[in-house]
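For reference, the structure discussed in these notes is given below.
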């Protein structure tokens, strides 16, 4: 029942956003909309509270231009309805939104770098090395490229069958927030998406049972520090502030932080 309720809530938000690709930092030419023109014009920028994208937006546009939302779907909707002139978030998620919802478009380029990693509790360096070994292998053998192509297509793919360990030697509790399609969102049977498949493949590689723990993103690090979860796999961006509290794996998803706006705004510009 919990999964069904969360899925209905997510789909209700997502369906409200009839929402294609690319963020810029150069001065606008010929009336083109860019990140610089949005900054110059004082446009309101939708951000998701507690994310690295929020910090990037505050640094680039200033806090006075930012509008704060609890979830990505709320921020998408604000842009769609014209309550915000643009949104700043992870490029991989925004490009997916734009591909599937032609009312919105991403601007070329990024306003900040982003390093999507797995979070590990301090003192768990041995586990961190195991995680890094898995990431290197999944990049080298083509698994990452195949997963990215499949999950970031317009049509939502089913979760592939991933063999679970028959005799797992441990349980790894993985914190994630299922509010960002296609990386992690609610499916018929609970959380699904790129990050969920990543977690299941990690469990298979480490002979571990994976327990998915749904949490608000803002509470992930506290849950990790207090041993309520063992890993964070939820589009976590490695920032210096977070690095003071937890350990980071190597990057497992290539991306950046960019700007999403209404396609109509480009024509108006």
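No value in this document is a laboratory result; all are computed from the given coordinates. Because the structure is predicted, anything quoted here is derived from the model rather than measured. Neighbour counts are summed over all protein chains in view; Cβ atoms, including those assigned to glycine, are modelled from backbone coordinates with ideal geometry.
For a quick check: sort 61, 152, 194 by the number of other beta carbons within 10 angstrom, fewest at the front. Before the final figure, lay out each step's value.
Values: 61 22, 152 16, 194 27.
Placing the least packed residue first, the sequence is 152, 61, 194.
In segment 161-269, what percentage of the DSSP-assigned beta bridges are antiparallel, given to the nearest 5?
Details: 5 of 14 bridges.
Bridges in segment 161-269 that DSSP calls antiparallel: roughly 35 percent.
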Using the scaling law 2.2 N^0.38 Å as the reference, what is the normalised Cα Rg of the chain? 1.01
Residues 51, 71, 183 in order from fewest to most other beta-carbon atoms within 10 Å are 71, 51, 183
Segment 226-269 versus segment 162-204: alpha-carbon centroid distance in Å: 18
With only alpha-carbon atoms in the gyration tensor, what are the semi-axes of the equivalent ellipsoid for segment 76-222, in Å, largest first? 29, 17, 16
So if I restrict to the alpha-carbon atoms in segment 153-253, what is the Rg, and what is Dmax, the biggest pairwise distance, in Å? 13.6, 39
Normalised per residue, the volume inside the convex hull of the alpha-carbon atoms of segment 101-157 in Å³ amounts to 149
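Only helical DSSP H runs with n ≥ 4 go in: add -39500 (n - 2.57) per run for the chain, normalise by residue count and round the 222 nm mean residue ellipticity to 500 deg cm²/dmol. Walk me through the numbers before you get to the answer.
Numbers: 11 runs with 102 residues, N = 269.
Mean residue ellipticity at 222 nm (helix-derived): -11000 deg cm²/dmol.
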Grab the beta carbon distance between residue 162 and residue 264, set R0 = 35 Å, and tell me the FRET efficiency rounded to 0.05. 0.25
